[in-house]
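Below is one structure; the comments refer to it alone.
The values are calculated or read from the model by the stated rules, or taken from the named source; none is laboratory data. The structure displayed is predicted, hence computed values, not measured ones. Cβ placement follows ideal geometry from the backbone for every residue including glycine, while neighbour counts extend to all protein chains displayed. Remember, those area values only see protein heavy atoms, side chains included, never the ligands or the DNA or RNA. Shrake-Rupley method; radii C 1.70, N 1.55, O 1.52, S 1.80 Å.
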Amino acid sequence: MKLKSFVAAVCMGLIGTAALAEEGKVKVGMITTLSGGGAGLGIDVRDGFLLATKMAGNDNLEVVVEDDQRKPDIAVQLADKMIQSEKVDVLTGIIWSNLAMAVVPAATAQGKFYLSPNAGPSALAGKGCHPNYFNVAWQNDNLHEAAGGYANDAGFKKTFILAPNYPAGQDALTGYKRVYEGELAGELFTKLGQKDYAAELAQVRASDADSVFFFLPGGMGISFLKQYADSGIDLPVVGPAFSFDQGILQAVGDAALGVKNTSQWNKDIDNAANAAFVEAFQADYGRLPSLYASQGYDTANLLLSAMAKADVSDADAFRAALEAAEFDSVRGDFEFAANHHPVQDIYVREVIKEGDVFTNKIIGTALSDHSNVYVDECKL
């Protein structure tokens, strides 16, 4: 799929290509997952990003959208085309950390800015950080660290943990174990994209676990939760938002009710920017926004805030404008740590049902003004 969209094109129709040469124009290449497993995540990032551009009404922004099909080789090919042929100034959109690791270092090495609306692998937060790389969502470990903190507060003493075997999954279990104070009843890495968890559930059942922590985003989480509910295992579950987010909950249904999960965003965060976002997203798309949609929305607004202060052709000035992060985030207060990852609150949410819709509500704060452990390794 390929979509070329000016902000004004969304609102008023196409703009002539001759305008691209004008000062202040920024061309964005969005590479994200729009088909196959995990497509809902990329669709939400795209929709949140484009909603922010539409609401801003800034006709200096062009967005080119491509589907990476969740394949690293396709993502690399698309990035090369966007940089060499499309002449983009900024790249964004990647959901999966293995794709980010394939694309981001090469893009930033060519002088392009990369604004991540999701993937935040530890390798790009520490020694592999780059002045032109910004993560607008979180560093991969963060929500899992918060889940470990919640597990301590809940009194879990022996958790069974599992995640897919790719960079984000590895960071997930590392983050959970960094904060969790109890013992592990078991630790498993599953196959990325796996849908059958009978063997893993048998190991959970055979263990002496008192709880289960898992990170399985997209369709993986749907499959696991349904099979978990059917397994007869009666242990409390905790996880990050990725396995309990808005786009997943309707497919999971009652099996998710009451589950606690961690997130830096929810639709009930009380600030004007978030209220406007939730209302506009529902009006435009006919569904509640997800965490991924909120991250796409914030990423676009960060970019627009930088465009208001500097021209992208002046890399130093544009970078400084991004670092300042002077935009109204749906999360409330927003700032970057020295390695260009957010410092933010992370909440505990509970899955509830509002009418016929499964959703989340915030029940507490797991971590306040939380950064990441890799800042000191980054020499910017």
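Among the residues in the range 66-73, are any of a type in the set (Lys, Arg), farther than 15 Å from Gly296 by Cα, at pLDDT below 95 and open to solvent by 40 Å² or more (accessible area, probe 1.4 Å)? Scanning the range 66-73 turns up no residue that is of a type in the set (Lys, Arg), farther than 15 Å from Gly296 by Cα, at pLDDT below 95 and open to solvent by 40 Å² or more (accessible area, probe 1.4 Å). The residue of the range 353-380 that is farthest from Asp333 (Cα to Cα), among those that are of a type in the set (S, T, N, Q) and in contact with a strand residue (DSSP E or B) (Cβ under 7 Å, 6 or more places away or on another chain), is Thr359.
Here Thr359 clears all of (1) in the same structural domain as Asn60 (by TED's automatic domain parsing); (2) open to solvent by less than 10 Å² (accessible area, probe 1.4 Å); (3) touching a Lys or Arg at 6+ places or on another chain (Cβ under 8 Å) except the condition numbered (1). Identify, please: which residue in the range 270-303 is in contact with a Gly (Cβ under 6 Å, 6 or more places away or on another chain) and part of a loop (DSSP other than H, G, I, E, B) and is, among those, farthest from Gly93 (Cα to Cα)? Only one residue fits best here, namely Asn271.
Scanning the range 32-64 for residues that are within 14 Å of the chain's Cα centre (by Cα) and crowded, with 24+ Cβ neighbours inside 10 Å yields Thr32, Thr33, Leu41, Gly42, Asp44, Val45, Arg46, Gly48, Phe49. Applying the set (1) within 21 Å of Ala256 (Cα to Cα); (2) surrounded by 23 or more Cβ atoms within 10 Å (Cβ to Cβ); (3) hydroxyl-bearing (Ser, Thr, Tyr) to Ser223 leaves exactly one unmet item: (2). Taking the numbered list (1) buried (at least 24 other Cβ atoms within 10 Å of the Cβ); (2) assigned by TED's automatic domain parsing to the domain that holds Val90; (3) of a type outside the set (Val, Ile, Thr) in turn, Met307 passes all entries but (1). Would it be correct to say that Leu249 is in the same structural domain as Asn372 (by TED's automatic domain parsing) and crowded, with 24+ Cβ neighbours inside 10 Å? So Leu249 fits the description; yes.
Closer than 28 Å to Leu288 by Cα and not in a helix (DSSP H, G or I): does that describe Gly247? No; evaluated as a whole, the condition is false for this residue.
Only residues that are in a helix (DSSP H, G or I) and free of Cβ contacts under 8 Å to residues at least 40 places away in the same chain were counted in the range 304-322, giving 6. Taking each residue of the range 170-185 that is over 17 Å from Ala154 (Cα atoms) and looking for partners that are among the β-branched types (Val, Ile, Thr) and outside any helix (DSSP H, G or I) with beta-carbon atoms closer than 6 Å, six or more apart or interchain, yields Leu173/Ile161. The set of residues in the range 323-350 that are free of Cβ contacts under 8 Å to residues at least 24 places away in the same chain, touching a helix residue (DSSP H, G or I) at 6+ places or on another chain (Cβ under 7 Å) and among the charged types (D, E, K, R) contains only Glu326. State yes or no: is Ile94 open to solvent by 10 Å² or more (accessible area, probe 1.4 Å) and within 14 Å of the chain's Cα centre (by Cα)? So Ile94 fails the test. Restricted to strands (runs of 3 or more DSSP E) entirely inside the range 98-196, those with at least 1 residues that are among the charged types (D, E, K, R) and surrounded by fewer than 21 Cβ atoms within 10 Å (Cβ to Cβ) are 158-164, 183-190.
For the range 199-234, the set of residues classified as of a type in the set (A, V, I, L, M), in contact with a Phe, Trp or Tyr (Cβ under 8 Å, 6 or more places away or on another chain) and not in a helix (DSSP H, G or I) consists of Ala209, Val212, Leu216, listed by residue number.
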